[in-house]
Structure formats: C-alpha cells, structure tokens
Amino acid sequence: MFFRHVVGKSTLKEGITIHKDFEAFFASPEPGNKREITLLFDDGQSSTVTLRRLNNARQHVQLKYESKSHLPLLNWLNEVFEGTRLGIATGEILEFTKITDDVFRINPITYKQDAKKNLYLARAEYYKSADIVKTDVFNEGLFATRMMFLSVITISPF
C-alpha cells in the first residue's frame, strides 16, 4: 500500500497534511500528540520528521519538516520537484511506501517522468461523500454511493 501526495509550495517548505483516509496508514497519534518517523529518500539518505495530530476541530494530521536538521530533505525535495518550485508544472507527486510503522520510503513522480506519457495531473479535487450521494454520475441510471477523490488529467504540452 502507498500514499500519494500532490506536491505544492508548502510541501517544499514545511510539510504536508495527511488525508483522513490515510491516517491509519501512518499510524497517526491521538489528538494533541506527536511522534517521530523516518523518511528514506534519494539513494540512502534519511530524515526524522514529526507526525502530529492537531487538537483542533478537524484533528488534522500533519508531517512537519521545517527545522535546520531537515535541510537535506528540503534541498532534495526542491531539487527533484523543480517544476512545482519554479511554477512551470502542477501535479507532481510524492509517493510514500510503508516499510514499518515508523519508516517510510518517499519516491518522486515528476513532470519530467510524466511528460514521457504526455499526461500529467492537472489538479486534485476532494469532495465529501455526502455531496454526491445518490447522484447519477454518468447519466446511466447508476448512482454513486461514495466518491472520495476525483483527479483531473490534462494533456501535457511538455
């Protein structure tokens, strides 16, 4: 199993928010608590980052890596995801593969890799399942009971 995150500016600077459907994948802590996990990246590098669940109404789960000790990870992210950093590409992906509950390998899926296929992820939109429950999505008399994630694919000019 893996988790894929669409890279944005905050991914390159400070961390990411984990979608609710993947909180168990990361063995997320209780509200108001945090724990350390290790991210393996590039060829043999690693970084210990903070996995925390905020004690707010939505109880967001976040991975944070914004201190000086995270500079090797931040530098790698900014180098690998240059398309996002420079604003010339959208839809680059950071893929997490679980090794243990405390160790994850991260792999990039960049616009350069996707350009070979002439497609890239243009944007991701999230809908609450209640928004489209009993909606005839394809106008075929079939009703969607739950749709959690919709991705829009666009032909790439690269």
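So, of the residues in segment 67-97 that are hydrophobic (A, V, I, L, M, F, W, C), open to solvent by less than 50 Å² (accessible area, probe 1.4 Å) and assigned to a loop (DSSP other than H, G, I, E, B), which turns out to be farthest from ILE18 (Cα to Cα)?
Step by step, filter segment 67-97, then rank; the result is ALA89.
Looking at (1) more than 23 Å from THR110 (Cβ to Cβ); (2) outside any strand (DSSP E or B); (3) of a type outside the set (Phe, Trp, Tyr), which is the one condition that is false for GLN62?
For GLN62, the failing item is (2).
Return yes when SER47 is part of a loop (DSSP other than H, G, I, E, B), at negative phi and touching a residue at least 12 places away in the same chain (Cβ under 8 Å) and no when it is not.
No.
Please work out which residue is nearest to the chain's Cα centre (by Cα), limiting yourself to segment 70-94 and to residues that are at pLDDT 95 or above and polar (S, T, N, Q).
ASN78
Of the residues GLU30, GLU36, only one is in contact with a Leu (Cβ under 8 Å, 6 or more places away or on another chain), farther than 14 Å from PHE96 by Cβ and not basic (Lys, Arg); which?
It is GLU36.
The values are calculated or read from the model by the stated rules, or taken from the named source; none is laboratory data. Quick caveat, the model's predicted, so the values are computed rather than measured. Positions of Cβ are backbone-derived with ideal geometry, glycine not excepted, and every protein chain shown enters the neighbour counts. To get the accessible areas, we keep the full protein, side chains included, count just its heavy atoms, and leave off ligands, DNA and RNA. Shrake-Rupley method; radii C 1.70, N 1.55, O 1.52, S 1.80 Å.
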